[in-house]
Amino acid sequence: METTLSYLIVVTYAAVLTFVALRARAARKFSEFSLAGRKLPLALVFGSLAATYVGPGFSIGFVGKGFNSGFLFLAIGMAYALQNILVGLLVTPRLRALKNCCTVGDAIGRKYDKKCHILAGIISVSVCTFLAAVMAHAGGVILNDIFGIQKFSAAMAIVAITALYTTFGGLRASVITDAFQFTAFAVLLPTALLCIMAFGPGADAAGFAREASAATGAGFKSLSTIEIVGLLAAFLLGETLIPPYANRALASKTTSVARNGFILAGCFSMLWFTVMIALGITARSIVPSTTGQDHVLLNLVRSTMPLGSYALLAVVLVSVVMSSLDSLLNAGAVAFTQDIFKPLAKFDVPEALALNVGRWATVIVGIIAAVVASAVAGIIEGLLICYTIWAAAILPSLIGGLWIKRPSPLAGMLSMTVGIIVAVIAIVLLFIKSPVAVDIPAIIIPALAATVSAYIVGHWIAAGKQRRIK
């Protein structure tokens with residue numbers, strides 16, 4: 001009975017979501033597919049950003065981290081919230097001020113050269129694809145836990161439904177469905193789960209304090225100082241203007257809308273992290289201690305909520321996955337079209353062709369993500385790998401390009417190349433050392449040091465060449 005009800009609610013939700021996406025209207029031009037005509041108001045920018053932020057990593061993953069390490073990960077989450085507020089205040093206005101710019105790769109191409117543009121596009125598509133794989137993995141975990149569907153089939157189903165409306169509607173459909181889903185999980189999930197904290201088994205302040213102290217102490221013991229510093233750096237820098245966020249900044253109606261959208265979404269994430277970590281701590285007295293961190297939230301709700309409520313959670317968690325997945329599919333497709341296909345084409349690409357390329361790229365990115373999903377070890381671990389590659393390979397060139405008047409193309413190319421090499425080698429070595437890759441947080445420090453050094457060296461070499469020419 002419960003499984004039938006769960007199926008019914010999930011199918012009904014998928015139908016309603018598809019209807020909402022179709023109402024958003026299919027994109028007729030690449031400019032609509034990529035940036036929704038640059039007309040997004042504050043409400044949609046904020047709702048879409050918040051929905052994209054609060055993916056499975058920041059819901060399922062953070063509940064699991066609260067379960068294992070208490071309030072340690074709340075402090076780490078606050079670094080992420082701070083990043084978004086700082087980006088809104090300092091970086092977004094400069095990015096939004098670039099005329100006719102569609103992507104991060106576009107911005108880098110404007111500030112450096114065509115080669116840097118293409119390399120930034122390759123990095124953007126790769127990061128979007130692997131992040132989409134992490135989201136597909138999370139969707140597979142949810143549907144497998146609820147319905148017993150094989151994880152690969154579940155991941156394919158989640159990707160197929162999401163790609164359906166993203167392929168035709170582009171960014172506008174993604175943003176509108178994100179806002180719709182945001183209202184679902186931002187209200188229903190905290191409300192339902194706060195009831196667990198208030199009325200569930202072991203719901204008392206003293207017990208919560210004991211579990212919080214024990215979990216937080218265990219968290220600090222399980223991580224070295226360099227790993228904690230690495231985690232703070234990863235969450236502070238790792239998602240800074242990744243393609244889906246940059247697209248929303250560039251698609252906003254005005255610069256002030258972009259700035260305020262990031263600030264509001266950053267403030268919202270503070271509240272969200274607090275609730276998720278508190279739920280993980282509450283679960284310690286309810287679910288078995290051997291529960292895998294990606295299953296804590298699902299087991300908590302199954303153990304405490306009545307018939308039908310678990311089906312509601314299924315809908316909410318599926319919407320959490322889809323709201324992040326659709327943004328990544330769209331951003332990856334736009335980056336491929338704008339940053340790789342167009343620069344490599346030996347002719348002016350018409351709007352109709354660019355739109356078709358973007359749609360096919362959405363499908364291809366989705367298929368690759370669904371296949372790679374089975375290789376993802378865990379939600380948070382997958383996110384940390386992407387954070388490391390993005391922060392090391394892109395951030396120095398992007399931030400330098402936005403703030404330096406005439407940045408050197410050599411510095412940009414050298415920085416991105418070294419960042420990719422260092423991050424990938426370090427990750428491969430860690431996986432050889434340990435399949436769980438427990439030391440991933442520590443990678444970002446040497447990777448960033450190497451890429452920033454390469455950026456400085458590139459400028460120094462370029463300056464030397466200019467002096468010799470003069």
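Read-outs throughout are calculated quantities, based only on the coordinates presented, and are distinct from any laboratory measurement. Predicted, not measured: the structure shown is a model, and the values here were computed from it. FYI the Cβ positions are ideal-geometry reconstructions off the backbone, even for glycines, and counts take in every protein chain you see.
Key figures for this structure:
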item	result
Relative contact order for the range 2-469, counting Cα pairs under 8 Å that sit 6 or more residues apart, in percent	33
Positive-pole candidate from Ser453, Gly219, Asn299, dipole of the chain, charges at beta carbon	Ser453
Total formal charge among the other residues, if their Cβ is under 13 angstrom from that of Leu279, Lys/Arg +1 and Asp/Glu -1	+1
Rounded D (µm²/s) - the chain, Kirkwood Rh over Cα pairs, Stokes-Einstein at 20 °C, 1.002 mPa s	96
Global geometry of the range 177-301, whether rounded, prolate or oblate, following the gyration tensor of its Cα atoms and the 1.5 cut on a/c	oblate
Label-point gap, in nm, between Ser213 and Thr255 - each point 7 angstrom along Cα→Cβ	5.2
Cross-link reach list, lysines versus Lys65, counting only Cα pairs under 16 Å and skipping chain neighbours closer than eight places	Lys221
The chain: DSSP helices with Cα axial extent of at least 20 Å and average Kyte-Doolittle hydropathy no lower than -1.0	2-23, 72-86, 114-147, 151-199, 205-222, 255-283, 309-335, 351-372, 379-393, 409-433, 444-469
Linear extension gain, Val229 paired with Lys115, 0.36 nm per residue minus alpha-carbon span	37.7 nm
Along each principal axis, Cα extent of the range 365-427, largest first, Å	44, 25, 17
Net charge dipole size for the chain [Lys, Arg +1 and Asp, Glu -1 on Cβ; Debye, nearest 20]	2020
Among the listed pairs Lys99/Lys253; Lys253/Lys405; Lys111/Lys405; Lys39/Lys99; Lys39/Lys111; Lys29/Lys346, those beyond 18 Å (Cα-Cα)	Lys253/Lys405; Lys39/Lys111; Lys29/Lys346
Backbone N within the range 94-129 under 15 Å of label point (7 Å from Arg406 Cα along the Cβ vector)	111-113
Mean ellipticity per residue at 222 nm, deg cm²/dmol - from DSSP H runs of n ≥ 4 across the chain, formula -39500 (n - 2.57)	-26000 deg cm²/dmol
Local electrostatic count at His117 - Lys and Arg +1, Asp and Glu -1, tallied over other residues with Cβ under 13 Å	+2
